[in-house]
Amino acid sequence: MRRCLTLLSCLLPLATAQNFSPDSYAGLEWRMIGPFRGGRTVGAAGVADQPNVFYIGVNNGGVWRTDDYGHTWSPVFDLQPTGSIGAIAVAPSDPEIIYAGSGEGLHRPDLSVGDGMYRSSDAGRTWRHIGLSEGQQIAAIVVDPHDPNRVFVAVLGHPYGPNPERGVYRTADGGATWKKVLYKNELTGAVDLAFDPRDPRRVYAVLWQAQQAPWENGSFSGPASGLFVSADGGDTWKQLATGLPNFAQGLGRIGIAVAPSKPDRIYALVEANRDSGGVYRSDDGGASWAKVNAENRIWGRGDDFAGVRVDPLHPDVIYVANTSTYRSTDAGLTFTAIKGAPGGDDYHTIWINPKHPEIILLACDQGATVSVNYGRTWSSWYNQPTAQLYHVITDHQFPYWVYGGQQESGSVGIASRGNDGQITFREWHPVGAEEYAYIAPDPLDPNIVYGGATHSVSRFHKDTGEVESVTPKGNYRYVRTMPLLFSEVDPHVLYFGAQMVLKTADGGASWTAISPDLSRETYALPASVAGYPEAAAKQATRRGVVYAIAPSRRSLDEIWAGTDDGLIHLTRDGGKHWKDVTPAGLTPWSKVAQLDASHFDDDTVYAAINRIRLDDMRPHIYRTHDGGASWKEIVRGLPEGPVNAVREDPIRPGLLFAATELAVFVSFNDGEDWQPLRLNMPATSIRDLVIHEDDLVIGTHGRGFWILDDISPLRQLSGAITSADAHLFAPRITYRLPRDTNTDTPLPPEEPAGKNPPDGAILYYWLKGVPSTPVRLEILDGTGRLVRSFSSDDKPAQPSAGLDVPLHWLRPFQTLSAASGMHRFVWDLHAAAHSGFPEGPPIAAIENDTPERQGVWLPPGVYAVRLTVDGRSYAQPLIVKTDPRGR
């Protein structure tokens, strides 16, 4: 039986047959909090005649543009249906025309696929989809230097299975039609392309036969990889193999570059076995090859890194991307690192301005960086909010902090609100965990933060910065991302996943295994690996791990556990006995990405199942209300693409949130139907989400952390509200906090910063139609005295005469909307300003968010909010409390 946690949850129905139009919650608004530390970027292009302009394609971060040499970056792709970008190219003859290929163009365990090709004809302001949707991964694009409509595209194809839409495609009409011009089989894709600078009819292409396994740390390859050339514009092709390794020598991915000043000179970065891999050079247009460098630091990890480029003026000067970026001035014989750091920045793509070779753009796992002096100095990547986060969790501070492991960079702890009006570099810090980690803030000690990932558990001390290992000792099996979380029943108890569930109650000083190995002992090979039966059979050992743990929120003895090889188990006696309760639909290697135990009863759990590694792009969420005896798949309304997490609201039964590869989705009826909650967010992979009091907090894998402030309207939403002519939602408790405590010169607008929550009370209201008279919103104090009034026909005041700062500092006028739908309005807890108040913005200024003049800051207390629509009034109480920190 479900129990009620609050009076509100008792009054709200478990499920309703009614869906709500997105207009009914359109007033909600996401805000990005950071961090401004770049994430994995592989697409990179510039404009030769505009040396200050560059474009980058970010894995799950979209397309970004800079016109100031990388000092600041702006997103230009946020309205599109995908954010996963693997390649980008600017037409040399018309820089207004840009092509973007979606899908990461890499083989990685955390990748996201795309939906084909996009084209912009106005320098990124607008885009249209131009096909190749089933390719999933676009690895490279080249545009004819004389004809912006003639384009070749390297389609890598499905990363986890066979498909026919892969190989090299050509268009002569800007993407209106495509022709497959180089193709081997359903297992082999294309990964790199290059033109002969003398003749764009001569095209070089690289095919790569490779596939990721259904299990982590596994992959397959085949004999179809190789380098090819066409001398007739792609109609016919010939393989170039003389002097290059073959499959028996481990041939895999190849990266190529043609010397612009000496086109018969071609360089190839070749992945192969230790004796055969290296940098190869041809001086006869690819007819024959010789290995010129065998250093592992230059060519190693070639399945990850294969970027090589040649200086436009000097054929002996080449650049190679690996964990560092290297330059050779002797045609590849020796190399010097010119950009990199301990730990490995991991570089993917190099773009060199063909008219200004001193200008170089690099795309790497840390973001994008620009040099204007041959690599002597570089722009920062701490100005790109494109962090790839694996999970998200919050603590119990005020304001609360948000935590996660960031791909390739480490870990992040960041405040949900900054004291100085925004969330800057002052408000975030690493917390000592690995990049793939779950983070677990100690609920009893805000100074302690745990992190768990590959082979380790760390404990971070905020006060000293000390990081100590509290890793379990024993023969345990792990993958990159392992669950680590505290019990909500006993805050001393911390759980960690291996092939079994581990538990500590003394801060990691000792660990106890409370389950046997919960993974599959044996299993049939999935159909997706049919192209590699022998290799797959050799790798198909017992290798699964506990990938999701969901302790009961009511009983210390009840724990749910899910594995990455597709099993779900339940214990009701603290781990003494475990029962296999796996849904029938979970075939081997159906990854249990997340489990969420219900807040309201012991028999309900929600399971997010991710089957991308089985080449299954369908969404999968399962629900049980009887302890796993029966399950129902609940995915109606979800788009194609994996689901990474599902969470139940702790207040309203039946209100669920799902983290998909494109956006957050919401269900008001226990998952029977789903609706998008993307709102003002870009499309990106949502890897995890949590509910912190009235906020929904998400971790994305390409756009950092975002918060949906105040989801109380979603908890209150009902058919009675949306059928009414108007409605004023009950506002949540508001804390009286200073807008900005900074007393020094404001940070320049160019300094990146996340957004604070609104400085005041968030008020939501619903209008079924457009009223015939102006809408009014009034605030009354505890005595019934009117202290502030707003109207939909209010007009913005003109800035003060003689204003001595640029207008971009000023907060825009806030309109009280009279349009149909749900709206948000923020009252700043101030009375109206009058002529006696000083004019001009204060030194505590934030770009586009500084009030020029404010009235008296009103005291805490109980206020009334009154909405008047066409003569009818609606009222709700508003509680304003003091700062909990004692200010």
*In whole Å, how far is the Cα centre of region 679-696 from that of region 514-570?*
27 Å
*For region 366-523, just say rounded, prolate or oblate: build the C-alpha gyration tensor, square-root its eigenvalues into a ≥ b ≥ c, call rounded for a/c under 1.5, and beyond that prolate if a/b exceeds b/c, oblate if not.*
oblate
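Ranked from the most accessible area to the least, with a 1.4 Å probe and all protein chains present, what is the order of HIS834, HIS701, HIS129?
On the way: HIS834 105, HIS701 0, HIS129 75 Å².
Correct descending sequence by accessible area is HIS834, HIS129, HIS701.
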*How would you classify region 628-747 from its alpha-carbon gyration tensor, with a ≥ b ≥ c the square roots of the eigenvalues: rounded for a/c under 1.5, else prolate if a/b is greater than b/c, otherwise oblate?*
oblate
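Kirkwood Rh over alpha-carbon pairs of the chain, then Stokes-Einstein at 4 °C and 1.567 mPa s: what D in µm² s⁻¹, rounded to an integer? Kindly include the intermediate steps, with their values, before the conclusion.
On the way: Rh = 29.0 Å.
Calculated translational D: 45 µm²/s.
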*Among VAL592, GLY233, SER791 - extreme Cα towards positive end, dipole of the chain, charges at beta-carbon*: VAL592
*Please work out the C-alpha center-to-center distance from region 37-64 to region 88-108 and express it in whole Å.*
9 Å
*Hey, with R₀ at 25 Å, roughly what FRET efficiency would ASP275 and THR334 work out to, going by the Cβ-Cβ distance, to 0.05?*
0.80
*Which Cα, out of GLY57, LEU777, GLY562, lies furthest along the positive dipole direction of the chain (beta carbon charges, K/R +1, D/E -1)?*
GLY562
*Counting pairs of alpha carbon atoms under 8 Å apart in space and at least six apart in sequence, what relative contact order in percent does the chain give?*
11 percent
*P(r) tail fraction, region 412-465 - alpha-carbon pairs more than 16 Å apart, %*: 46 percent
_region 357-437 - Kirkwood radius from inverse mean 1/r over Cα pairs (Å)_ = 14.3 Å
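Output the relative contact order of region 139-257, whole-number percent, from Cα pairs under 8 angstrom with separation of 6+ residues. Spell out each step's value before the answer.
Values: 291 pairs, mean separation 24.2, N = 119.
Rounded, it is 20 percent for region 139-257.
Excluding ligands, DNA and RNA, what is the solvent-accessible area per residue of region 517-587 at a probe of 1.4 Å, expressed in Å²? It would help to have the intermediate numbers written out before the result.
Working: 3020 Å² over 71 residues.
Heavy-atom SASA per residue in region 517-587 reads 43 Å².
How much mean residue ellipticity at 222 nm does the chain get from its helices, if each DSSP H run of length 4 or more adds -39500 (n - 2.57) and you divide by all residues, to the nearest 500 deg cm²/dmol? Don't skip to the end; give the middle numbers.
Numbers: 5 runs with 26 residues, N = 887.
Result for the chain, helices only: -500 deg cm²/dmol.
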*Which semi-axes, in whole Å and largest first, does the equivalent ellipsoid of region 283-343 have when worked out from the alpha carbon gyration tensor as the square roots of 5 times its eigenvalues?*
20, 14, 10
*Rank these by accessible area, largest first, 1.4 Å probe: ASP283, ASP688.*
ASP283, ASP688
*region 111-184 versus region 475-494: alpha-carbon centroid distance in Å*: 43 Å
*Semi-axes, largest first, in whole Å: what does sqrt of 5 times each Cα gyration tensor eigenvalue give for region 449-528?*
27, 15, 11
*Towards the positive end of the charge dipole of the chain, with charges on Cβ (+1 Lys, Arg; -1 Asp, Glu), say which of VAL143, PRO223, VAL865 has the farthest Cα.*
PRO223
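Counting each pair of different Cα atoms once, what's the Kirkwood radius of region 134-254 in Å, rounded to one decimal? Mind dumping the intermediate values first?
Working: mean 1/r = 0.0683 Å⁻¹.
Hydrodynamic radius (Kirkwood, Cα pairs) of region 134-254 is 14.6 Å.
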*Obtain the nm distance between the two label points defined at HIS356 and ALA832 by a simple spin-label model: each point lies 7 Å from its Cα along the Cα-to-C-beta direction.*
5.3 nm
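With an 8 Å cut-off on Cα pairs and a minimum separation of 6 or more residues, tell me the relative contact order of region 195-284 in percent.
On the way: 180 pairs, mean separation 20.7, N = 90.
Reported as a whole number, the value is 23 percent.
Which of the trypsin sites (Lys or Arg not before Pro) across region 272-347 are loop residues per DSSP, with 11 or fewer other Cβ within 10 Å? All intermediate terms of the calculation are to be shown ahead of the outcome.
Working: sites: ARG274, ARG281, LYS291, ARG297, ARG301, ARG309, ARG327, LYS339; in loops: ARG274, ARG301.
Qualifying residues, ordered by number: ARG274.
With +1 on each Lys and Arg Cβ and -1 on each Asp and Glu Cβ, and nothing else charged, work out how big the dipole of the chain is about its Cα centre, in Debye to the nearest 20.
On the way: 80 positive and 101 negative charges, 136 e Å.
Magnitude of the dipole: close to 660 debye.
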*Protein accessible area in region 410-503, 1.4 Å probe - carbon and sulfur %*: 50 percent
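Semi-axes, largest first, in whole Å: what does sqrt of 5 times each Cα gyration tensor eigenvalue give for region 826-877? Could the numbers behind the result be given before it?
Details: eigenvalues 153, 35, 29 Å².
Gyration-tensor ellipsoid for region 826-877: 28, 13, 12 Å.
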*asked:* What does the C-alpha gyration tensor say about the overall shape of region 438-492? Classify as rounded when a/c is under 1.5, otherwise prolate if a/b is larger than b/c, or oblate.
replied: oblate
_Inter-site label distance for GLN249 and ASP725 at 7 Å from Cα along Cβ, in nm_ = 8.3 nm
*In vacuo Debye scattering of region 745-822, one point per C-alpha: log10 I(q)/I(0) at q = 0.17 Å⁻¹?*
-0.98
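Could you work out the Rg to Rh ratio of region 460-580, with Rh taken as the Kirkwood radius (inverse of the mean 1/r over all Cα pairs)?
1.05
At 37 °C and 0.692 mPa s, grab the translational diffusion coefficient of region 215-367 from Stokes-Einstein with a Kirkwood Rh over Cα pairs, rounded to a whole number in µm² per second.
Numbers: Rh = 15.9 Å.
My calculation gives 207 µm²/s for D.
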*If packing is taken as the mean number of other Cβ atoms within 10 Å per residue, what is the order of 367-375, 432-440, 673-681, highest first?*
432-440, 367-375, 673-681
*Ordering of 806-812, 846-852 by burial proxy (mean other Cβ atoms within 10 Å per residue, highest first)*: 846-852, 806-812
*Tally Lys/Arg at +1 and Asp/Glu at -1 over every other residue whose Cβ is under 15 Å from the Cβ of ALA331; what's the total?*
-1
*Using a 1.4 angstrom probe and counting only protein chains, how large is the accessible area of ARG613 in Å², to 10?*
20 Å²
*Using only Cα positions of region 188-267, each an equal point scatterer, no hydration layer, compute I(q)/I(0) via Debye at q = 0.26 Å⁻¹ and quote the log10 values to two decimals.*
-1.27
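Compute the length gained on full extension between ARG872 and TRP857: take 0.36 nm times their separation in residues and subtract their Cα-Cα distance, giving the result in nm to one decimal. Before the final figure, lay out the partial values.
On the way: separation 15, 0.36 × 15 = 5.40 nm, distance 2.93 nm.
Computed gain between ARG872 and TRP857 is 2.5 nm.
What is the magnitude of the charge dipole of region 208-327 about its Cα centre, with +1 placed on the Cβ of each Lys and Arg, -1 on the Cβ of each Asp and Glu, and no other charges, expressed in debye to the nearest 20? Each step should come with its number before you reach the end.
Values: 11 positive and 13 negative charges, 47 e Å.
In debye, rounded to 20, region 208-327 gives about 220.
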*Under a straight-distance cross-link criterion of Cα-Cα below 20 Å, which aspartates and glutamates are reachable from LYS179, leaving out those fewer than 8 residues away in the same chain?*
ASP115, GLU134, ASP144, ASP147, GLU165, ASP192, ASP232, ASP235
*For THR349, THR41, what's the largest-to-smallest order of accessible area, 1.4 Å probe?*
THR349, THR41
*Dipole of region 155-247, Cα-centred, from +1 at each Lys and Arg C-beta and -1 at each Asp and Glu C-beta, to the nearest 20 debye?*
200 debye
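The values are calculated or read from the model by the stated rules, or taken from the named source; none is laboratory data. Everything numeric here is computed off the predicted structure, so don't read it as measured data. Note that each Cβ is placed from the backbone with ideal geometry, even for glycine, and that neighbours are counted across all protein chains shown. We work out accessible area using only protein heavy atoms, side chains counted, and drop any ligands, DNA or RNA first. Shrake-Rupley method; radii C 1.70, N 1.55, O 1.52, S 1.80 Å.
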